[in-house]
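See structure below.
The values are calculated or read from the model by the stated rules, or taken from the named source; none is laboratory data. Fair warning: this is a prediction, and the values are worked out from it, not measured in the lab. Counting neighbours? That spans all protein chains shown, and the Cβs are built from the backbone with ideal geometry, glycine included.
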Amino acid sequence: MQLPSVLLENAVNEFARLPGIGKKTALRLVLHLLKQDATDVQQFGAAITKMRTEIKFCRRCHNVADTDLCTICASASRKQNMICVVESLRDVIAIETTQQYNGIYHVLGGVISPLDGIGPDQLNIEPFLQRVQKEQPEEIIFALNPTIQGDTTIYYIQKKLTPAVVRITTIARGIAFGGELEYADEMTLARSLANRLPVENYVANR
Amino acid sequence: MQVQNRPHLLHLNSISLLQFKNYLQSDFQFRQRIVGISGKNGIGKTNLLDAIYYCCFTKSYFTKSDAQNVSDGKQGFRLEGNFHLNNTPQAVTCVLRETGKKELALNQELYVKFSDHIGKFPCIMIAPDDVQIITGGSEERRQFLDTLLSQIDHDYLLQLIHYNKVLLQRNALLKSFAESRRVDENLLQVLNEQLARPGAVLFEKRRVFLQEFIVLVRKFYQQISGENYPVHLEYISQLHSSSFKELFDSFHEKDLALQRTGGGVHRDDIAISLGNASFKAIASQGQRKSMLFALKLSAFEVLKNRNGFSPILLLDDIFEKLDETRMDNLLNWVCRENNGQIFITDTHPERIHQHLGNFNSVQFIVLS
């Protein structure tokens, strides 16, 4: 792509580094910014810079935070003795959106996958074990993806936790809500049958 | 197109090939149950059979990578097989996009997981190089066994995929131990347990299946070869004598040193013996071929009993393989005693006419 200005080209290249943004989209975004008031663009740039330099990660759960402690950890209305272990910030947001969970979190920053070169040391597992030691929570809920790597991570942490922790659970796996049995794969269906629920629980929770 | 006299339940009516191997664009109609395909060497007889196989298995019987299935100088290919299954038309479409992305659709509906397709259109190929199953390493025999079991037991396929994924992770972990010079016993322990679960299922399924399958193979071998030598087949697995836990313990040091997993069902084998000696060491060419056909026809029989209809049989260049009497015995069995669709290739049109002429519902295709 031939651009008439080096400044323009630099800006386009930076945008094109973002996920899902190609050269053409990058150019469209940059040209859009060029049409805006200089102060507006200043604000745009400043917001991003400020976000990156000033954002903190909660020292307790590794969620994003504006202060040392994130809003969830700091909230008095949250159950402080129930920790939900998730892979990433996105999972925190997803679970928060359900408005069904009233405990606190721990963000691992990934799952164990030797194939991708990710071992326990690359994740927030050691801080988590120390945290559990210190806080003595009543329940730990694993909300990790139902993959081999997710399972590896759960078993690994669980081995390190026992016998200290009272209750370790994982989110239910089975037929998706609104899903159809005939389209569920065998493994999911088999798991749903093996871990079936008493009807009174099911109806009450719906 | 209406096919006359079709008591068999699985039938391929037509196939279209676009940029698949040496076919730039071709369509074939199969009106009969028995299809004899002849043509010179290199004309594409085997490739046509492979295209049929591809529609059933979402992969080539011969090549490892999909890029090798594309016509020279082209990008991407497309296959469309129009089947009849229980009198319902079923269109299987396989597309390899220019980007290398593969798509598979049944009646225009895209599959999310290709593994769901395996077993829906059962099919058996017998090709000249298949004698590797007998003379080659244990991998060939495991692959034969896995392909067959995956078609009759979908859970087997899922467990196998799961096992292989965990195995890759475990081997990668062993490598990372060697690089960092540190061993995380806890993590290794976790992966051992994750590997043992699907592994135990695979072992049990193979054990139960092979008990009956081995009897069947011996029966077919005596029929085809017409001899009464004591042929034995045996399921070999480390799991016969030790549990997964014991295996991992005993291979512990070795695994760490070699950076791969020494114990498990990925080391299984089927040992074939003649008298007290290994079959592949002393069997003649003819005996090897008889054994190959015995294995393949047993697989055919298993699929037929399981599905209630015969799988499609693809016989590539088999006239070169067997002598006249064995050939006629075999053709009689596959063409008369079974009612599945059969595709046979040969270089000589006369020879194929002569062998298939006695049967009803035969169609000849000459490639040129």
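Which pairs turn up if I take residues in segment A:130-154 that are within 14 Å of chain B (Cβ to nearest Cβ) and look for partners that are surrounded by fewer than 19 Cβ atoms within 10 Å (Cβ to Cβ) and assigned to a loop (DSSP other than H, G, I, E, B) with beta carbon separation below 6 Å, at least 6 apart in sequence or on another chain?
Filtered contacts from segment A:130-154: A:Pro146/A:Arg173.
Take A:Glu135 and tell me if it is farther than 19 Å from B:Lys175 by Cβ and either out of contact with any Pro (no Cβ under 8 Å at 6 or more places or on another chain) or hydrophobic (A, V, I, L, M, F, W, C) (or both).
Details: farther than 19 Å from B:Lys175 by Cβ: yes; either out of contact with any Pro (no Cβ under 8 Å at 6 or more places or on another chain) or hydrophobic (A, V, I, L, M, F, W, C) (or both): yes.
Against the criterion (farther than 19 Å from B:Lys175 by Cβ and either out of contact with any Pro (no Cβ under 8 Å at 6 or more places or on another chain) or hydrophobic (A, V, I, L, M, F, W, C) (or both)), A:Glu135 qualifies.
Quick check on A:Gly119: is it within 14 Å of chain B (Cβ to nearest Cβ) and in contact (Cβ under 8 Å) with a residue 60 or more places away in the chain?
Considered against the rule, which asks whether it is within 14 Å of chain B (Cβ to nearest Cβ) and in contact (Cβ under 8 Å) with a residue 60 or more places away in the chain, A:Gly119 comes out as no.
Which of the residues spanning segment B:99-115 are surrounded by 14 or more Cβ atoms within 10 Å (Cβ to Cβ) and in contact (Cβ under 8 Å) with a residue 24 or more places away in the chain?
B:Lys102, B:Leu104, B:Phe114, B:Ser115, listed by residue number.
For every residue, the table says whether it meets (1) hydroxyl-bearing (Ser, Thr, Tyr); (2) touching a Lys or Arg at 6+ places or on another chain (Cβ under 9 Å).
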| site | (1), (2) |
| --- | --- |
| B:Thr99 | yes, no |
| B:Ala105 | no, no |
| B:Ala127 | no, no |
| B:Gln132 | no, no |
| B:Thr147 | yes, no |
| B:His154 | no, no |
| B:Ile161 | no, no |
| B:Val166 | no, yes |
| B:Arg170 | no, yes |
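Regarding B:Leu174, is this residue within 24 Å of A:Ile125 (Cβ to Cβ), more than 9 Å from chain A (Cβ to nearest Cβ) and in contact (Cβ under 8 Å) with a residue 60 or more places away in the chain?
So B:Leu174 does not fit the description; no.
Select from segment A:155-169 the residues that are touching a strand residue (DSSP E or B) at 6+ places or on another chain (Cβ under 7 Å) and among the polar types (S, T, N, Q) and write down the one among them that is nearest to the other protein chains (Cβ to nearest Cβ).
Once the filter is applied, the top-ranked residue is A:Gln158.
For segment A:83-92, check the following and say yes or no: at least one residue is free of Cβ contacts under 8 Å to residues at least 24 places away in the same chain and assigned by TED's automatic domain parsing to the domain that holds A:Ile154.
Scanning segment A:83-92 turns up at least one residue that is free of Cβ contacts under 8 Å to residues at least 24 places away in the same chain and assigned by TED's automatic domain parsing to the domain that holds A:Ile154.
Does B:Ile134 satisfy the condition of being more than 29 Å from B:Phe293 (Cβ to Cβ) and either in contact (Cβ under 8 Å) with a residue 40 or more places away in the chain or within 8 Å of chain A (Cβ to nearest Cβ) (or both)? Even if it seems obvious, please write down each step before you answer.
Numbers: more than 29 Å from B:Phe293 (Cβ to Cβ): no; either in contact (Cβ under 8 Å) with a residue 40 or more places away in the chain or within 8 Å of chain A (Cβ to nearest Cβ) (or both): yes.
When the stated conditions are applied, B:Ile134 does not pass them.
Checking the conditions here, which among B:Asp328, B:Asp317, B:Asp323 is surrounded by fewer than 20 Cβ atoms within 10 Å (Cβ to Cβ) and within 19 Å of the chain's Cα centre (by Cα)?
None of the other options fit; the residue is B:Asp317.
Residues of segment B:217-250 being crowded, with 18+ Cβ neighbours inside 10 Å and among the hydrophobic types (A, V, I, L, M, F, W, C), which ones?
Here is the first cut: in segment B:217-250, the residues crowded, with 18+ Cβ neighbours inside 10 Å are B:217, B:220-221, B:224-225, B:231, B:233, B:235, B:237-239, B:244, B:247-248.
Answer for segment B:217-250, where residues must be crowded, with 18+ Cβ neighbours inside 10 Å and among the hydrophobic types (A, V, I, L, M, F, W, C): B:Val217, B:Phe220, B:Ile224, B:Val231, B:Leu233, B:Leu239, B:Phe244, B:Leu247, B:Phe248.
Output the residues belonging to segment A:83-116 that are within 14 Å of chain B (Cβ to nearest Cβ), buried (at least 18 other Cβ atoms within 10 Å of the Cβ) and not aliphatic (A, V, I, L, M).
A:Ser113, A:Pro114 - these are the residues of segment A:83-116 that are within 14 Å of chain B (Cβ to nearest Cβ), buried (at least 18 other Cβ atoms within 10 Å of the Cβ) and not aliphatic (A, V, I, L, M).
Please state which of the following conditions A:Thr97 fails to meet, knowing it meets all the rest: (1) outside any helix (DSSP H, G or I); (2) within 13 Å of the chain's Cα centre (by Cα).
So the condition that A:Thr97 fails would be (1).
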